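**Q** Structure provided below as structure tokens; questions to follow.
Just so it is clear, none of the values below were taken in a lab; they were calculated from the coordinates. This structure is a prediction, so every number in the text was calculated from the model and none was measured. Please note: Cβ atoms are built from the backbone with ideal geometry, for glycine as well, and neighbour counts cover all protein chains shown.
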Amino acid sequence: MKRAEAILGTLLLLLAAPQFSPTLVLANGPVTSETLTLTVYLDGFVLINQELELNQTYPSVNITLLGETYEDLLVVDGKSLPLDYSVAAGTATIYSLNATQIKISYFTPDLTSKTGKYWTLSTEVSTSTKVILPEDASIISLNNVPELIESSNGQVSLVMPSGTIEITYIAEHSLYPQTPSYETWQLIAIVSFPVIASIALALWFLRRKKPPQPKEPTDEVDIDKLFEREKHLRPEEVQVIRFLAEKHGTAFEAELYEKLNLPRTTTWRLLKRLEKMEIVDIRKSRRQNIVSIRKKYMKK
């Protein structure tokens, strides 16, 4: 009797399976796979790149965004065509009917915090995530064991498992080299004192005269001439020009980030606008950009 009931139950399940299969497909949801990359910049902004493979029969998909501020948010399909979307309470509703792939990118400052010289990247993710740290960054601590660690051109990247990500690091920058501590200087002095003393004595005999001091830069920006020609500058553009004038016409791009207190991408667009207006030149030197007022606006 029990065996007959078991056989009957099995037959009923087999007959009902086609009716339940659509429900199983729906339970999988519209997203079939996901890749996530976080690129961290020196100023603490993080570029989020997210790629999703979709079940194209769904008319829309809800995606949780990281952070609370989303700058330059871009949502496109697999052919790089823009998709309609709306954002509310940290969730992007993307209207993705017939799309098999979605690419999302945006900047946010909300994932990083700084205490002294230490930065911490902290967020929650639902998938394995690639994290690319700034150039020359040194990792201090990790809350979890990475699935992969790579280093290329002075830049460290990690693949972190899903869940909570907490990475503490020091973002070194050649423009602002880290100053050794008092204890470090003390150790250097003790170890190298005999050598330093010998070199100093030899130099004292060879150079009785004080070496000439480097001249202070004398270049000056002709602000009156510049503002006379460029009468439609925005307030932030005027601020950049005045700061460059204080620096004798030339400054590192990183100095402008700190001076303007604007997001990295906003400052970069501002500088590119000034370059297009033929007011400044931008050139790369040792992994950093140097911004200079053009010669036509410099006093002779």
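**Q** Taking amide H atoms as placed 1.01 Å from N in the peptide plane, list the residues 5 or more away in sequence, or in a different chain, whose amide H sits under 5 Å from that of LEU66.
**A** Here nothing satisfies the definition.
**Q** Something else about it: Within 10 Å of each residue's Cβ, count the other Cβ atoms and sort THR267, THR32, THR93 from fewest upward.
**A** THR32, THR93, THR267
**Q** Past the 26 Å Cα-Cα mark, which pairs from LYS117/LYS272; LYS259/LYS299; LYS276/LYS296; LYS225/LYS259?
**A** LYS117/LYS272
**Q** Once amide H atoms are built 1.01 Å from N in the peptide plane, which residues 5 or more positions from ARG294, or in another chain, come under 5 Å H to H?
**A** VAL280, ASP281
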